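Notes follow the structure.
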Amino acid sequence: MAIDSLGVLPKPQTAVRRRGWLAGRRVGSVAWHGVRTSRLERAWHRASVDMAAVGASFDVRIDCGAESARYPQLDENESYRLVVADDGVEIDAPSERGVLHALVTLRQLVRSDRRGARLPLVTIDDAPRFPWRGLMLDPARRFISIGALERTIDGMALVKLDVLHLHLTDDQGFRFAGEAFPELATAAGGAYYTTDELRALVDYAADRGIRVVPEIDMPGHCTSWLAAHPEWTSDGERGPPSRGFGVHKACLDPSRDEVYGALERLLTDVAAVFPDAYLHIGGDEVHPVWWSENDEVRRYMTTIGANDVHALQAHFNARVAATLHRIGKRMIGWDEIVHPDLPTGTAVQSWRGAASRDRALGAGFDCVFSAGYYLDLFYPADLHYRFDPEATPTALADAEAALRNDPRLAHVQGGLGWATQFNAAAAGQGERSAVANERGRVLGGEACLWGELVAEHVLDVRLWDRLPAVAERFWSQASTIDADADAVRRRTASLQAVLTRCTAIDPSPAVPLSRCGLSTRDQRALRPLLAALESVKWYARLLGPGALKARIDGSAAPVTRPYDTTS
């Protein structure tokens, strides 16, 4: 039987199907061998409750070779073997994380209909292709409650994603209320997370094998900081957080020691809450005008030998990286941070296309690839699925070209060329496989859902119609990736029922209507209209070419967008 027919997403590495089924029993049992921890017991409880909900109980033997670290780490052994035989289920894994994945696969295998609950007889050997399989959420722009984050973590575990990247600060909000500078969150206004809430969230995620990586965006995207500390900028003007979106002029002053001292206190606070080895410093879309027009900053540039503002930002990043190193963290930032002076050991998150990935790899930096996985573009799932984090530059260029030729994107083809122009300008490296590069390593990929147009009541429907297909790209071997777009859509759609059964997620498009406060009558009246529409794709129809260029290269003047935080 083909792997597809098992209904497991992501596709396992290998699966051997045998004839027959293991029928559910009234009472099932679990036999533990090797390591048995409270985390595994909780995972088994979740799995058994889920299976009992559809009338299934099975005898299960779990053999775990070693206890995993309290908090998940990059490059742990996540492999497992799952055997469904006539007499029950066997799970063998070298670590707790492998057992967690096996239990998720087991939950997806359950079939329940009028004939009862059963499992296909199968042997699955599985392991992830990449160790970094992430999702970035953006509560800085529109706040996301802890409850919504927890149900998202449940869904991530179900599709074997293992990194939740939280974009906690931006021009519109500062959501981290630490001990050193709690006023950053309170003065910025709006909701924010306490350190106790975030510690509990980190523990909740770790229980499901998921790392939480915080992002404190700097030196740009810091308008929200000014409400409490305008003295940290070269402009020094106090103001409220921005209600608009796009590239802002506000940026921290890289010439003042007191700014670096404040950042060390702030980042030490963040590190105490988030135990992951990585801490994201953003670094994207820094508008240079406050630096280039300030006499003190220009003198400082001369003192340190910085020929331009990009070199000045590299100097800032190097000092922040040294701070992170002192507190036991490794720096990661968006691809604008790549520079000859960027410290070795920094990781880069590529968002501006194939060329940005290859430039980072060629400079010796490990890379997380996100360019093909921006869920806020509203692309169909199969378009995201075409992008492979380790594809050659030519293959990625072909995937980007295919977007411009896809009839579903005909209405935005004019703007799609911006990414191509950036890639052409930044390439200059020739044909080279990222896999063969001996300096930088592709750690994996990360889907991004930016919050400009994502309020919490539409979070589930925006994520779960496409995220499962992207999750498969990050887990499954390249040889198992499906070229049939219809097959990808069918398997993604089939997972919706599993999500609804196993989590509090309801990805039905009807749910946002009910959460908007509309009456039942109004909901019924609107559905025929909404069924005739489709989501606005990409950015061009909302931004126009000027704002798009500002988004890509961070150098154009901010352009007003036709929506803001109150929309």
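The values are calculated or read from the model by the stated rules, or taken from the named source; none is laboratory data. Every value quoted in this text rests on a predicted model; they were computed, and no experiment measured them. Cβ: placed from backbone, ideal geometry, glycine included. Neighbour counts: every protein chain shown. Protein only, heavy atoms only, side chains kept; ligands, DNA and RNA dropped before computing areas. Shrake-Rupley method; radii C 1.70, N 1.55, O 1.52, S 1.80 Å.
Below are the figures for this structure:
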read-out	value
Entry for Cα Rg over 2.2 N^0.38 Å (calculated from the structure that is shown) out of [x] 0.98; [y] 1.09; [z] 1.05	[x]
Total lysine pairs under 25 Å (Cα atoms) in the chain, excluding pairs fewer than 8 apart on one chain	4
Cut-off 16 Å (backbone N to label point 7 Å along Cα→Cβ of Thr344), residues of segment 288-324	322
Cα pair distances of segment 204-270 binned at 5 Å [whole percent]	4, 15, 22, 22, 14, 9, 7, 6, 2
GluC sites (Glu not before Pro) within segment 256-307: DSSP coil, no more than 13 neighbouring Cβ in 10 Å	Glu293
Calculated P(r) of segment 283-419 - Cα pairs past 18 Å, %	62 percent
Relative contact order [Cα under 8 Å, 6+ residues apart], the chain, whole percent	15 percent
Probe 1.4 Å, protein heavy atoms only - accessible area per residue of segment 264-304 in square angstrom	41 Å²
Accessible-area ranking of Asp358, Asp59, Asp86, largest first, probe 1.4 Å	Asp86, Asp59, Asp358
Rounded if a/c under 1.5, otherwise prolate or oblate - segment 456-522, Cα gyration tensor axes	prolate
Using a Förster distance of 35 Å, the FRET efficiency for Ala277-Leu530 (Cβ separation, nearest 0.05)	0.20
Segments 195-204, 455-464 sorted - mean Cβ within 10 Å per residue, highest first	455-464, 195-204
Largest-first ellipsoid semi-axes for segment 116-244, taking √(5λ) over the Cα gyration tensor eigenvalues, angstrom	37, 14, 12
Percent carbon-and-sulfur accessible area, the chain, ignoring ligands, DNA and RNA, probe 1.4 Å	52 percent
Solvent exposure of segment 135-200 as accessible area per residue, Å², 1.4 Å probe	23 Å²
Along each principal axis, Cα extent of segment 198-240, largest first, Å	44, 16, 13
Rounded Å value of the spacing that divides the Cα centres of segment 443-483 and segment 305-371	25 Å
Summed residue charge, Cβ within 13 Å of Asn307's Cβ, Lys/Arg positive, Asp/Glu negative	-1
